Amino acid sequence: MFRRVIRIVLSVVMLATASVALSVSTAGTAQADGCYTWSGTLEEGDRGEAVRQLQIRLAGYPGYDSTLAIDGVFGPHTESALRRFQDAYNLSVDGVAGSETFNKLYALQDNDCTPIHFSYAELNTCNSTWSGGAVSASTAKANALVTMWKLEALRHALGDDPITISSGFRSYSCNSAAGGASTSRHLYGDAADMTGTHSLCTLVRQARYHGFREILGPGYPGHSDHAHVAHDPSKYWSASSCF
Ligand code: ZN
């Protein structure tokens, strides 16, 4: 009887070991580091492109009513954002970016550096060149990338339920056709109009934790059927029916 229990325990342990080995190998195939690969570790005091690439992906973890500077300098705000990211994905929360953090980021992104649940095509249904807006095409596209990582953080915080983007980057002509304001952040590439499984008020409330500086929703004129998030440094939120 006792030996039998030991044998069962042993076989359970072996099964668990086998499934760990299996999940490690399949995680390997899902990784996408086609656009950027980190080496070593990053921690407070580090600087450079490796830090900047990390900050783009942590842009959605600045904490409540805050934003993370994407300046290539790993300071205390970057460390706090990294800790929030590690916590959100049940990694070891140590504020140091090493292989565990990088492997999670590879698993969360496609080979063009966009997060797995959002794409450049989804953030730009206006034209394929990203030109004709208020900033250069490369700036508009770079802004959209940061916005997508913020959206990925928002989506994860709301239980990984789908978020649908109905409008992102707009050239001046696309913006006029959509009836957008003449100073719309859609002209800069950092705005996204969204709907989702959750209510619009849930989306705009949660967005306050993920680095957005312009959040418009129900109660703000023209925003009864979608939530708008963007990055206008001078604005915060307006959705009088929600707050
Ligand atoms: Zn909008």
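The values are calculated or read from the model by the stated rules, or taken from the named source; none is laboratory data. For clarity, every value in this text was computed on a predicted model and none was experimentally measured. Positions of Cβ are backbone-derived with ideal geometry, glycine not excepted, and every protein chain shown enters the neighbour counts.
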- Residue check, residue 182 assigned to a loop (DSSP other than H, G, I, E, B) and farther than 24 Å from residue 66 by Cα: yes
- Query: Inside the stretch 214-232, can you point out the residues that are buried (at least 24 other Cβ atoms within 10 Å of the Cβ) and more than 9 Å from the ligand (Cβ to nearest atom)?
  - Reply: 215, 217
- Query: Would you call residue 185 among the basic types (Lys, Arg), more than 16 Å from the ligand (Cβ to nearest atom) and surrounded by 19 or more Cβ atoms within 10 Å (Cβ to Cβ)?
  - Reply: no
- Tell me which residues, restricted to the stretch 164-175, are away from the ligand (no atom under 14 Å from the Cβ) and not in a loop (DSSP other than H, G, I, E, B). 172, 173
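With the requirement that a residue be touching a residue at least 40 places away in the same chain (Cβ under 8 Å) and outside any strand (DSSP E or B), what does the stretch 102-112 give you? Steps first, answer last, please.
Of the residues in the stretch 102-112, the ones touching a residue at least 40 places away in the same chain (Cβ under 8 Å) are 102-103, 105-112.
Hits for the stretch 102-112 are 102, 103, 105, 106, 107, 108, 110, 111, 112.
Could you tell me whether any residue of the stretch 193-202 is without any contact (Cβ under 8 Å) to a residue 24 or more places away in the chain and more than 11 Å from the ligand (Cβ to nearest atom)? Lay out the reasoning, then the answer.
Taking the stretch 193-202 as the starting set, the residues that turn out to be without any contact (Cβ under 8 Å) to a residue 24 or more places away in the chain are 199.
Remaining after also requiring more than 11 Å from the ligand (Cβ to nearest atom): 199.
Yes, that holds for at least one residue.
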- Got a sec? Which of 150, 235, 141 is charged (D, E, K, R), without any contact (Cβ under 8 Å) to a residue 40 or more places away in the chain and outside the structural domain of residue 78 (by TED's automatic domain parsing)? 235
- Scan of the stretch 199-213 for residues that are part of a loop (DSSP other than H, G, I, E, B), crowded, with 18+ Cβ neighbours inside 10 Å and not basic (Lys, Arg), ordered by number: 209, 210, 211, 212
- Message: Quick check on residue 84: is it charged (D, E, K, R), under 15 Å from the mean Cα position of the chain (by Cα) and modelled with pLDDT of 95 or more?
- Response: yes
